[in-house]
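Structure first, then comments.
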Amino acid sequence: VRIVESVGEMRAACAAERRAGRRIGFVPTMGYLHEGHLSLFRRAREAADTLAVSIFVNPIQFGPGEDYERYPVDAARDEGLCRGEKVDLLFRPSAREMYAAGHSVYVDEGDLASGLCGAHRPGHFRGVLTVVAKLFHVVEPDVAVFGQKDAQQVRLIEKMVRDLDFAVRIEVAPTVREPDGLAMSSRNAYLSDVERRRAVCLWQALELAKRLYAGGTHDAAVLVARMREHLAQGSPPVRVEYVEAVDWETLKPVTRIERKTLLALAVRLGATRLIDNALLCVADG
Ligand code: PAF
């Protein structure tokens, strides 16, 4: 793995790959890598010739009081995992390298970003889209792979690529789960043992809704109510930020599940914010 810390060197390294006729697969991450990230690397590797990965904890996608300062970091372990996955180019810029003094241009989306996580984390998706746009300009990947776990992020990146004519194909890889169902996330590292055991309630709530849907319950309000009921049982308590059934294309709430629908939830468990989601009615989507 070649580790690159400057925008100029990364741009040159990627250009050299393209000149040599190699297609670039790219996975942007914030590091503290887990099996979920590695599944994205493998997907990108299959889709392209050169595997480029970025590790950058992007300050502008964290709101005031969020976990930017305590976001988990383990550069040595991440580097070892990248070696193990035969990552070709590992881009690890500093915040100063990515955001020069006086940086004032941002990518804002005015529709899909307004609900779900966007409603609870103002400015978050503006930060995500801005950094992803910048990384796409540096790497100019043929394919970029993102995880379904961050479903709203995926939809927004797809929209940005379409609306701003980026020449990259976006691939979405399924959520990777722990054996008990908890979606893998770098933030799971924040959970105490008792919180970790309780955290499985997100997946259980989604599984409950999927079973009800398969059994003929297509009323979104009923599914959401049953999920909330499930989340309310057990301890320590979880504080529900949202549980919603939204249309996959528009991310607007639906009343009946008749088309591809995203069932998404966010909760706070102690000081940790957890999200998860499932798709319903996928065959009709
Ligand atoms: O999903 C993430 O880890 C981040 O939001 C991303 C896409 C790397 C942008 O900072």
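Within region 200-243, if we keep just the residues that are among the small types (Gly, Ala, Ser) and open to solvent by 20 Å² or more (accessible area, probe 1.4 Å), the residue that is nearest to Thr255 (Cα to Cα) turns out to be Ala221. Of the residues making up region 99-117, not a single one is free of Cβ contacts under 8 Å to residues at least 40 places away in the same chain, surrounded by 12 or more Cβ atoms within 10 Å (Cβ to Cβ) and more than 23 Å from Arg162 (Cβ to Cβ).
If only one of Arg45, Arg126, Arg70, Arg92 is closer than 27 Å to Leu263 by Cα, among the basic types (Lys, Arg) and at pLDDT 95 or above, which one is it?
Of Arg45, Arg126, Arg70, Arg92, the one residue that is closer than 27 Å to Leu263 by Cα, among the basic types (Lys, Arg) and at pLDDT 95 or above is Arg126.
Can you pull out the helices (runs of 4 or more DSSP H) entirely within region 189-285 that have at least 3 residues that are closer than 25 Å to Leu156 by Cβ, over 21 Å from the mean Cα position of the chain (by Cα) and among the aromatic types (Phe, Trp, Tyr)? Once the helices (runs of 4 or more DSSP H) in region 189-285 are filtered for at least 3 residues that are closer than 25 Å to Leu156 by Cβ, over 21 Å from the mean Cα position of the chain (by Cα) and among the aromatic types (Phe, Trp, Tyr), nothing remains. When Ala100 is tested against (1) over 20 Å from the mean Cα position of the chain (by Cα); (2) within 14 Å of the ligand (Cβ to nearest atom), exactly one condition is not met: (2). Within region 119-133, being assigned to a helix (DSSP H, G or I) and either within 13 Å of the ligand (Cβ to nearest atom) or without any contact (Cβ under 8 Å) to a residue 12 or more places away in the chain (or both) holds for His124, Phe125, Arg126, Gly127, Val128, Leu129, Thr130, Val131, Val132, Ala133. From the list Val176, Val131, the one residue that fits, being over 26 Å from Ala205 (Cα atoms) and either of a type in the set (A, V, I, L, M) or open to solvent by less than 20 Å² (accessible area, probe 1.4 Å) (or both), is Val131.
Being open to solvent by less than 20 Å² (accessible area, probe 1.4 Å), touching a helix residue (DSSP H, G or I) at 6+ places or on another chain (Cβ under 7 Å) and not in a strand (DSSP E or B) is true for just one of Leu51, Leu33. Which residue is that? Show your work before the answer.
Values: Leu51 fails: not in a strand (DSSP E or B).
Criteria check complete, one pass: Leu33.
If the condition is being assigned to a strand (DSSP E or B) and within 11 Å of the ligand (Cβ to nearest atom), then region 134-169 contributes Ala144, Val145, Phe146, Gly147.
Determine, yes or no, whether Gly80 is out of contact with any strand residue (DSSP E or B) (no Cβ under 9 Å at 6 or more places or on another chain), in a helix (DSSP H, G or I) and modelled with pLDDT of 95 or more.
The answer is yes for Gly80.
In summary, Ala266 fulfils each of the numbered conditions (1) crowded, with 18+ Cβ neighbours inside 10 Å; (2) in contact with a Cys (Cβ under 7 Å, 6 or more places away or on another chain); (3) without any contact (Cβ under 8 Å) to a residue 60 or more places away in the chain with the single exception of condition (3).
Among residues of region 198-213 that are under 14 Å from Cys281 (Cβ atoms), those with a Cβ under 9 angstrom from a residue that is open to solvent by 20 Å² or more (accessible area, probe 1.4 Å), sequence gap 6+ or separate chain, pair up as Ala209/Thr217; Ala209/Val224; Ala209/Arg226; Ala209/His230; Leu212/Val222; Leu212/Arg226.
The values are calculated or read from the model by the stated rules, or taken from the named source; none is laboratory data. Everything quoted here is computed from the prediction, not taken from an experiment. Glycine also receives a Cβ, built like all others from the backbone with ideal geometry; neighbour counts cover every protein chain displayed. To get the accessible areas, we keep the full protein, side chains included, count just its heavy atoms, and leave off ligands, DNA and RNA. Shrake-Rupley method; radii C 1.70, N 1.55, O 1.52, S 1.80 Å.
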